[in-house]
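Working notes, structure below.
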Amino acid sequence: MDPIIRVENVRYEYASETAQPIPALRGLSLSVGRGEYVAVAGANGSGKSTLARHLNGLLVPDRGEVWVKGWNTRDTSRLRQIRSTVGMVFQNPDNQIVATIVEEDVAFGPENLGVAPGEIRARVDEALRVVGLEGERLRAPHLLSGGQKQRVCIAGILALRPEVLVLDESTSMLDPAGRRQVLDLASRLHREGLTVVAITHHMEEAAEAERLVVLEQGRVALDGSPRQIFARPEVLRPVGLETPQITELAHRLHRRDAGFPADVLSVEELVQGVRARAGANRVEVPAPTAEHPNGKPPAIQVEAAEHYYLEGTPLEVKALDGASLEVRRGEILGIIGPTGSGKSTLVQHFNGLLRPSRGAVRIFGQDTRGAADLPALRRRVGFLFQQPEAQLFEHYVGDDVAFGPRNAGLSKPEVRERVRAAMESVGLGFEEFKDRLTLGLSGGQRRRVALAGVLALEPEVLVLDEPTSGLDPAARRELLGTLRRLRREQGVTLVVVSHDMEELAALCDRIAVVAAGRVVAAEPAAAVFGRVQQLRDLNLDVPAVTAAVERLRLEGFLSGSGAVLTVDEAEDVLARLLA
């Protein structure tokens with residue numbers, strides 16, 4: 001296949017405040033063929049985003065060469081052609097949108113290339129048609145959903161008429177519907193001839209590409225089709241990755257029944273495998289057992305809460321519209337909802353960062369609109385924001401973790417002990433990391449430092465807003481293990497906001513569903529994820545194994561009203577079906 005991009009023995013290092021620079025690429029070589037759809041995966045710090053920025057000359061190699069259509073990215077006279085050929089869409093759409101009207105944002109690139117006005121109009125019209133946003137052309141981008149914003153960014157790149165589209169973690173901040181929109185668009189553009197390079201941590205997304213390149217420590221570790229690579233989970237785990245949930249289930253069923261296909265990549269393929277092997281067997285999936293509240297008073301009560309941003313101005317937005325919810329002591333509560341539903345606004349009421357415009361919020365019995373001692377409550381209810389690494393501001397790890405206890409007036413020995421315990425609880429050795437520079441850590445390590453800084457205050461409730469966004473599978477697994485341990489060993493109440501349904505299904509006791517500023521359900525996880533169509537109607541989704549079991553129920557292979565949430569549960573049910 002004719003390569004449109006060639007990366008030849010590229011080495012790249014980031015400058016560091018220490019004597020040693022930080023190596024990102026270590027002799028990486030890679031070719032991308034014209035018209036290919038390539039997914040690039042790897043653990044945090046493997047060099048994925050650094051590679052992506054070399055593909056259109058945003059970065060230039062320290063050593064080695066990058067060629068785009070025969071142009072060397074070191075040749076500054078060719079950068080305009082290179083960047084017109086290779087368009088990049090980054091992780092956060094809000095960081096890429098520069099105009100106040102959608103069509104003006106899409107026109108920004110061609111205008112800066114000096115394209116004639118009539119041609120700009122034609123390109124904007126075509127780009128908006130391709131991404132399905134013709135009806136939104138005169139809207140303000142900040143009023144769009146996350147998926148729509150990301151499609152505006154893609155339209156802006158398409159208006160440059162690129163031959164290669166690079167998506168650098170472009171779905172990691174989107175809800176399931178927004179993620180699906182971007183993936184469907186990427187697949188369609190590929191079918192129409194565009195070369196697509198997708199940087200991703202989500203193995204389900206990598207499975208949709210025709211080729212998967214896995215990086216490890218700045219080099220290519222694996223290169224092949226997703227089906228070939230996912231057939232060997234033993235080579236993925238050492239590089240911090242894992243197979244998609246549905247593929248892991250197929251591997252387990254194959255070990256039980258050699259006739260069951262092991263190279264399954266989708267729900268549809270798994271259902272086909274079951275159809276072929278189930279015979280006349282039928283299995284009942286029992287309904288979830290009733291929950292048993294622990295009898296303790298709730299930690300947090302939200303009653304008919306309303307919240308307005310910019311209330312009383314022409315820009316007023318009603319973010320909460322009569323939301324009611326209880327957070328029970330000792331539970332793990334998951335919160336899901338489409339982008340813009342009010343999830344983040346709701347949880348920022350849980351420690352008084354926001355107070356309701358109407359209604360009531362009580363934290364450990366104290367009304368936040370009354371005479372509540374908010375500083376004291378914030379020590380009892382810790383908060384980890386959506387990008388927790390942005391909470392780091394000290395030079396050294398130990399100082400950052402110590403910031404809260406110091407400001408709480410603890411003595412030096414108490415602060416040191418708090419810092420030690422907090423760091424070790426998140427898997428960061430005190431002696432090894434206390435004097436490390438925060439900016440020299442990987443993304444997963446910085447996230448754990450931010451969590452340790454909150455835990456050093458010994459909160460009774462911990463609220464985490466999208467804690468695993470942007471983390472590789474190994475780092476996600478570590479963080480979820482830490483959360484389980486906090487609940488089990490320290491009795492911490494956990495509230496987790498996430499778009500990752502598989503994580504929440506495996507972690508949470510209850511799930512609260514937020515839509516249009518209201519809590520429309522708050523029930524055990526099995527009950528919520530058992531209502532597959534209702535969730536999809538809200539632009540949400542369910543774990544892949546849950547979707548597969550629901551399909552088999554609709555086809556008559558399974559009966560009963562129960563929901564399957566994990567690979568272990570699905571293996572148990574389907575093994576009985578295939579016996």
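The values are calculated or read from the model by the stated rules, or taken from the named source; none is laboratory data. Computed from a predicted structure; not experimentally measured. Counting neighbours? That spans all protein chains shown, and the Cβs are built from the backbone with ideal geometry, glycine included. What goes into the accessible areas is simple: the full protein's heavy atoms, side chains included, and nothing from ligands, DNA or RNA. Shrake-Rupley method; radii C 1.70, N 1.55, O 1.52, S 1.80 Å.
At a glance:
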read-out: Segment 255-352: trypsin sites (Lys or Arg not before Pro) in DSSP coil with no more than 13 other Cβ atoms inside 10 Å; value: 282
read-out: Relative packing of 124-137, 35-48, 200-213, which averages over residues the other C-beta atoms within 10 Å, highest first; value: 35-48, 200-213, 124-137
read-out: Relative contact order %, segment 253-354, counting alpha carbon pairs below 8 Å whose residues are six or more apart; value: 18 percent
read-out: Fully extended contour minus Cα-Cα distance, from residue 129 to residue 509, at 0.36 nm per residue; value: 132.5 nm
read-out: Apportionment of accessible area to carbon and sulfur, the chain, percent (1.4 Å); value: 48 percent
read-out: Overall Cα dimensions of segment 113-251 - principal axes, largest extent first, Å; value: 55, 28, 26
read-out: Alpha carbon centroid spacing (whole Å) that separates segment 223-285 from segment 327-348; value: 33 Å
read-out: Local net charge near residue 370, Cβ-Cβ under 15 Å (Lys/Arg +1, Asp/Glu -1); value: +1
read-out: Over 19 Å [Cα-Cα, segment 47-190], rounded percent; value: 52 percent
read-out: Pairwise Cα inverse-distance average, inverted: Kirkwood Rh of segment 18-91 (Å); value: 13.6 Å
read-out: Per-residue [θ]222 nm for the chain (sum of -39500 (n - 2.57) over DSSP H runs n ≥ 4, rounded to 500); value: -11000 deg cm²/dmol
read-out: Cα Rg over Rh - segment 391-453, Kirkwood; value: 0.93
read-out: Cα centroid of segment 555-573 to Cα centroid of segment 405-474, whole Å; value: 38 Å
read-out: Taking only Cα atoms of the chain, radius of gyration then Dmax in Å; value: 24.9, 71
read-out: Rounded if a/c under 1.5, otherwise prolate or oblate - segment 396-547, Cα gyration tensor axes; value: prolate
read-out: Scaled radius of gyration (Cα, divided by 2.2 N^0.38 Å) that segment 88-130 gives; value: 1.17
read-out: Mean accessible surface per residue for the chain, computed with a 1.4 Å probe while every protein chain stays in place, in Å²; value: 42 Å²
read-out: Neighbour net charge for residue 338 - beta-carbon separation under 13 angstrom, K R +1, D E -1; value: +2
read-out: Relative contact order for the chain, counting Cα pairs under 8 Å that sit 6 or more residues apart, in percent; value: 15 percent
read-out: Share antiparallel - DSSP beta bridges, the chain, percent rounded to 5; value: 55 percent
read-out: Rounded Å value of the spacing that divides the Cα centres of segment 144-192 and segment 58-76; value: 25 Å
